[in-house]
Amino acid sequence: QVQLVESGGGLVQTGGSLRLSCAVSGITIGHFSMGWFRQTPGRERDFVAGINWGGEFQYYEDSVQGRFTISRDNAKNLLYLQMNSLKPEDTAVYYCAATTGLEHIKSRASYLYWGQGTLVTVSS
């Protein structure tokens, strides 16, 4: 059974930092590209960041470029999202996900496995 479990969410003030983790079991993440998405009530789940199998290439949504960093530890089957300079508009439930492809890494539809999400709240 494949499980992705996010952790590290919480309440933080504007300008603060959080580090999200995604612990994966049931698959070897070294065979997958990985991504982080986020969703707010009434809106679609949007791409935030993605990383290829080996970690050499990272992709970011424009609004988080330069503030967020995605990384992975394949040996530990872990995915991370370091979030700095947080803004109230970053408030959302954050999800990690796994996909076998790279070409459509920004597309929600290409992902096979999803976590349950962790809530990030940024106060103004």
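Percent of accessible area on the chain owned by carbon and sulfur, 1.4 Å probe?
48
Please calculate how many Å² of accessible area the chain carries per residue, with a 1.4 Å probe and no DNA, RNA or ligand atoms counted.
51
Which longest run of the chain has no exposed loop site in it, a site being GluC sites (Glu not before Pro) in a DSSP loop with at most 15 other beta carbons within 10 Å, and the site itself not part of the run?
In the chain, the maximal stretch lacking such sites is 57-102.
Normalised by the residues of the chain, what does the relative contact order come to in percent, with Cα pairs under 8 Å and at least six apart?
36
Using a 10 angstrom cutoff on alpha carbons, build the Gaussian network for the chain and name the most mobile of A98, A23, A109.
Its mean-square fluctuation being the largest, the pick is A109.
Please check: in the Gaussian network model of the chain (C-alpha springs, under 10 Å), which one of V24, V12, V48 has the largest mean-square fluctuation.
V12
Loop-only check: which chymotrypsin sites (Phe, Trp or Tyr not before Pro) in the stretch 57-90 are DSSP coil with at most 13 other Cβ within 10 angstrom?
F57
Distances over 20 Å make up what percent of all Cα-Cα pairs in the chain?
Beyond 20 Å sits 35 percent of the P(r) for the chain.
In square nanometres, what is one fourth of the surface area of the convex hull spanned by the alpha carbons of the stretch 25-84?
4.8
Using the alpha-carbon centroid of each, what span in Å lies between the stretch 69-121 and the stretch 14-43?
Result: 2 Å between the Cα centres.
The values are calculated or read from the model by the stated rules, or taken from the named source; none is laboratory data. These numbers were taken from a predicted model, which means no experiment stands behind them. Using ideal geometry, Cβ is built from the backbone for each residue, glycine included, and neighbour counts are taken over all protein chains shown. When the accessible area is computed, the model is the full protein with side chains, heavy atoms only, and any ligands, DNA or RNA have been set aside. Shrake-Rupley method; radii C 1.70, N 1.55, O 1.52, S 1.80 Å.
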